[in-house]
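Visitor: Once you've had a glance at the structure underneath, I'll fire off some questions.
The values are calculated or read from the model by the stated rules, or taken from the named source; none is laboratory data. The structure presented is a predicted model; accordingly, all values stated were derived computationally and were not measured. No Cβ is skipped: glycine too gets one built from the backbone with ideal geometry, and neighbour counts run over all protein chains shown.
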Amino acid sequence: MAKLGLVHLRIFISVCIGLLAVAVILAFWYYRDDVFQSLNDPGQPFQTYLPTPAPNYSQTEAWLHRPESDIDPITIPGGDIFVVIPTFYLGGEHWNAPIDSQKLQRNFTRIAVPNYVLPYKNAGRVYAPVYRQAALYTFLTNRDDAVDAQIFAYGDVRRAFEVFLEENPPERPIVLVGYGQGGLHVQKLLQEFFAGELQKKLAVAYIIDHPLTLDSFERKLSGLTPCTDKQDTNCVVAFGAFEPAEKKRARMFVQKTMVWDDKGRLDSVRGRPLLCINPLLWTDGTDYAPARLHLGGVAAEGLDKDVAPAPMPQQTGAQCQGGILLLDTPKQKNLRRPNRFGGKYRTLPFNLFYEDLRLDAKRRVQNLLDKNILPKRAPILETDTIEIEDSPVKLPEK
């Protein structure tokens, strides 16, 4: 009887341990977003934080992609494209990305460059700076420290853009591209640099997966317009795309995400109307675009920069509603948001609208060139080399 009672006790203990384990797993799953946020909290005030040294944008290593300096831009058709990549640094130790991190550099090379930078090289010369981006954690909270980190990150982007402008000849159109956090910084570049003469050089600006309020066009961006037609130039494309299961992310996007106000400060969206340009229709209407119009997504992680990825077309339909782009679930699994810890917030290892954006950028650059409003540079003259033979000198006869 004693042995039987001991067996029952062991079974009871095992069941309790199993139930406790299940309870812990369920609690972790329910509070997984809070756990993810806590794990990536730098745990120190921004004011006492010492960031890594600033990139030197006169050096090649400060750029993920930059045209060769010894090639005359007149030999490269198109415009000049400035790309600000999305967030890859999660946080945990730093407020801003330690750009000397080997892990971060691998993510830049394997994911950022092939998916988010190289789609635009058919439109001209591509520049993409390394910058001390604000940690992902800063976009999950509206603490003053987080705001300071985002403003700090923009400082790097601004300095890189000034170098870009120095190398951008008057006759070449400009394309701005920002994904996620990069979209926030591109909005600020538009406010600071495109209020005057530079407006006529802007073929298009893409603000992707970061909100852009419509009232921006009544104030700081009053000289620009939304791109509501494929032929438009000097305009802005913006959209935040969400799959059906991403309702929480969509709510955060339209309510809590930070944007620049007219005084150069960061403030939350607070439900203001947002610009949504459907990348399958290139209009701001609410018509549903079926998947047959989707030109192709690309999962280019790890591809060499000289390898052209094969787009996967007709993967998703899309519709603008309430300032966000609602997607159909992509048919290919590798074009869906990965189901991993913190996956709903991480940068995607693919570009769902790779081909749509690639062709649109090239089209808008050519549209601006066709308007003949930019200066023309004389072509390089080809000269024939003439060989001159030495002739003997004869003195006159006496």
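Visitor: Applying the selection to the range 118-137, what residues are assigned to a helix (DSSP H, G or I) and either touching a helix residue (DSSP H, G or I) at 6+ places or on another chain (Cβ under 6 Å) or surrounded by 23 or more Cβ atoms within 10 Å (Cβ to Cβ) (or both)?
Guide: 118, 119, 120, 122, 123, 136, 137
Visitor: Another question, then. For the range 300-325, enumerate the residues that are closer than 30 Å to residue 137 by Cβ and either in contact with a Gly (Cβ under 7 Å, 6 or more places away or on another chain) or crowded, with 21+ Cβ neighbours inside 10 Å (or both).
Guide: Passing the criteria: 300, 316, 318, 320, 323, 324, 325.
Visitor: Moving to a separate point now. Hey, does the range 9-30 have a residue that's part of a helix (DSSP H, G or I), farther than 30 Å from residue 160 by Cα, modelled with pLDDT under 65 and touching a helix residue (DSSP H, G or I) at 6+ places or on another chain (Cβ under 9 Å)?
Guide: Within the range 9-30, one or more residues are part of a helix (DSSP H, G or I), farther than 30 Å from residue 160 by Cα, modelled with pLDDT under 65 and touching a helix residue (DSSP H, G or I) at 6+ places or on another chain (Cβ under 9 Å).
Visitor: Same structure again: Could you list, in sequence order, all residues of the range 285-324 that are touching a strand residue (DSSP E or B) at 6+ places or on another chain (Cβ under 9 Å) and within 30 Å of residue 147 (Cα to Cα)?
Guide: Result: 320, 322, 323, 324.
Visitor: List the number of the failed condition for residue 66; all other conditions in (1) under 21 Å from residue 162 (Cα atoms); (2) out of contact with any Phe, Trp or Tyr (no Cβ under 6 Å at 6 or more places or on another chain); (3) surrounded by fewer than 21 Cβ atoms within 10 Å (Cβ to Cβ) hold.
Guide: Status for residue 66: all satisfied but (2).
Visitor: Return a yes/no flag: does the range 217-236 have any residue that is touching a Lys or Arg at 6+ places or on another chain (Cβ under 7 Å) and at positive phi.
Guide: Checking the range 217-236: at least one residue is touching a Lys or Arg at 6+ places or on another chain (Cβ under 7 Å) and at positive phi.
Visitor: Considering only the range 154-161, I want to know if a residue exists there that is under 13 Å from the mean Cα position of the chain (by Cα) and either within 30 Å of residue 92 (Cβ to Cβ) or modelled with pLDDT of 95 or more (or both).
Guide: Yes, that holds for at least one residue.
Visitor: Kindly list the number of the only condition in (1) under 21 Å from residue 358 (Cα atoms); (2) surrounded by fewer than 18 Cβ atoms within 10 Å (Cβ to Cβ); (3) charged (D, E, K, R) that fails for residue 144.
Guide: (1)
Visitor: Would you check which residues across the range 42-81 are in a helix (DSSP H, G or I) and either touching a Leu at 6+ places or on another chain (Cβ under 7 Å) or closer than 21 Å to residue 172 by Cα (or both) and list them?
Guide: 73, 74, 75
Visitor: Sort out which residues of the range 304-325 are part of a strand (DSSP E or B) and over 19 Å from the mean Cα position of the chain (by Cα), and write them in order of number.
Guide: Selection gives 312, 318, 319, 320, 321.
Visitor: Right, here's the next one. Can you confirm whether residue 132 is touching a residue at least 60 places away in the same chain (Cβ under 8 Å) and among the basic types (Lys, Arg)?
Guide: Taking the combined requirement at face value, the residue satisfies it.
Visitor: It is to be established whether one or more residues within the range 83-103 are part of a helix (DSSP H, G or I), in the same structural domain as residue 184 (by TED's automatic domain parsing) and of a type in the set (Lys, Arg).
Guide: Within the range 83-103, one or more residues are part of a helix (DSSP H, G or I), in the same structural domain as residue 184 (by TED's automatic domain parsing) and of a type in the set (Lys, Arg).
Visitor: Could you pull out the residue among 276, 227 that is more than 22 Å from residue 366 (Cα to Cα), assigned by TED's automatic domain parsing to the domain that holds residue 136 and surrounded by 19 or more Cβ atoms within 10 Å (Cβ to Cβ)?
Guide: Result of the check over 276, 227: 276.
Visitor: Within the range 236-273, restricting attention to residues that are without any contact (Cβ under 8 Å) to a residue 40 or more places away in the chain and either polar (S, T, N, Q) or in contact with a strand residue (DSSP E or B) (Cβ under 7 Å, 6 or more places away or on another chain) (or both), which residue is surrounded by the fewest Cβ atoms within 10 Å (Cβ to Cβ)?
Guide: Restricting to residues being without any contact (Cβ under 8 Å) to a residue 40 or more places away in the chain and either polar (S, T, N, Q) or in contact with a strand residue (DSSP E or B) (Cβ under 7 Å, 6 or more places away or on another chain) (or both), the top hit is 255.
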